[in-house]
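One structure below.
The values are calculated or read from the model by the stated rules, or taken from the named source; none is laboratory data. Just so you know, these numbers come straight off a predicted model, no measurement behind them. Glycine gets a Cβ as well: all are built from the backbone with ideal geometry, and neighbour counts include every protein chain shown. Side chains included, ligands, DNA and RNA excluded: accessible areas come from the protein's heavy atoms. Shrake-Rupley method; radii C 1.70, N 1.55, O 1.52, S 1.80 Å.
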Amino acid sequence: MKAQDLEAALRAAHGSEFEQLCVLELIDSTNAEALRRLSAGQEARQLIVAQCQSAGRGRRGRRWLSPPGAGLYVTLTREFSVAMESLQALSLVTAISVREALVAQGLHSAQLKWPNDILVAEKKLAGILLETCQWQGQPVIIFGIGINLDLPAAVLAEIDRPVTDLRQALAMLEKSLQEPAEVDQAALLSTLVTRWQHNVEEFLNQGFAPFTARWNDADCYAGREVIVSSGAQDWQGQVLGVDEQGALLLDTPSGTKVIRGGEVLPTLRPLADA
Ligand code: BTN
């Protein structure tokens, strides 16, 4: 889809909700662009979409490979009037919003991986990177979302973990068809923006509690044995779900651990060997 057609569709649906809305063919990183605009004094509520990033950023300092046509790269920004520490679960809320938008496009097999990945068949389809800054004395969160559309073989070969894209995920869904249906990018993004706005408001009013069951029902690793790595420390145990703050509860040999930050790694090792 051409950038200008995607922008026109997003403007028609969401033009009045954002002070800045644009779809770019190429940028270094939509998150970096949002930060630049905020630093230059531009308004806090932005929706920036790119079709290619030359320096896409992932979590934990990784790169997010973003060649043309391979994905949709989205940044939403918003100011908050409460302390940043109370907003940590917004990364899970954003993952729930991305999943809801994918399900609305028929991808019912989309699942969640704590804290904020979207998987299909245990392979990563979309990732989320939250960054923060101060804007006119208020905290602003930069919500970066990358959704794989059609990863070229060269990119697949460069990524050292299981990944998938919407093209493959839809093809699995429609095994009988020669060619999977094209994803409607405008509908996907528009639903994502709508769900995200609604969910952020719900979170600000009620906290994470209304999202607990929504997360746990869609958690790919619910009840399964995993290793959770925080970088400094690893825990092995069975996933019990997330609590009302969005922390991961892990049943380990030394009791239930409440984990607020880290990365879930699947393991085939039984608990007894831990
Ligand atoms: C992850 O590592 O899982 C998070 C990936 C986040 C990628 C998105 S693409 C849009 C936005 N701009 C960036 O540079 N990164 C995020």
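Does the stretch 16-64 hold any residues that are within 19 Å of the chain's Cα centre (by Cα) and without any contact (Cβ under 8 Å) to a residue 12 or more places away in the chain, and which are they?
Answer for the stretch 16-64, where residues must be within 19 Å of the chain's Cα centre (by Cα) and without any contact (Cβ under 8 Å) to a residue 12 or more places away in the chain: G61, R62, R63.
Of the residues in the stretch 108-144, how many are open to solvent by 30 Å² or more (accessible area, probe 1.4 Å), part of a loop (DSSP other than H, G, I, E, B) and under 22 Å from D160 (Cβ atoms)?
Number satisfying all stated conditions: 2.
Checking V193 against (1) of a type in the set (V, I, T); (2) under 30 Å from E7 (Cα atoms); (3) in a strand (DSSP E or B), which single condition isn't satisfied?
Going through the list (1) of a type in the set (V, I, T); (2) under 30 Å from E7 (Cα atoms); (3) in a strand (DSSP E or B), V193 breaks only (3).
Out of all the residues in the stretch 47-56, which are within 13 Å of I142 (Cα to Cα) and in contact with a Phe, Trp or Tyr (Cβ under 6 Å, 6 or more places away or on another chain)?
Of everything in the stretch 47-56, just one residue is within 13 Å of I142 (Cα to Cα) and in contact with a Phe, Trp or Tyr (Cβ under 6 Å, 6 or more places away or on another chain), namely L47.
Could you list, in sequence order, the residues of the stretch 227-256 that are among the acidic types (D, E) and open to solvent by less than 70 Å² (accessible area, probe 1.4 Å)?
Passing the criteria: D243, D251.
Could you look through the stretch 149-174, keep only residues that are among the small types (G, A, S) and more than 19 Å from Y73 (Cβ to Cβ), and pick out the one that is least open to solvent (accessible area, probe 1.4 Å)?
For the stretch 149-174, the residue satisfying everything is A171.
Report yes if N199 is at negative phi, modelled with pLDDT of 95 or more, more than 18 Å from the chain's Cα centre (by Cα) and in a helix (DSSP H, G or I), otherwise no.
The answer is no for N199.
So, A104, is that one free of Cβ contacts under 8 Å to residues at least 12 places away in the same chain and open to solvent by 40 Å² or more (accessible area, probe 1.4 Å) or not?
Answer is no for this residue.
Check every one of the strands (runs of 3 or more DSSP E) wholly within the stretch 16-94 and list those with 2 or more residues that are open to solvent by 10 Å² or more (accessible area, probe 1.4 Å) and away from the ligand (no atom under 11 Å from the Cβ).
20-24, 71-79
Tell me which of these I147 doesn't satisfy, since it passes every other one: (1) within 15 Å of the ligand (Cβ to nearest atom); (2) modelled with pLDDT under 95; (3) β-branched (V, I, T).
(2)
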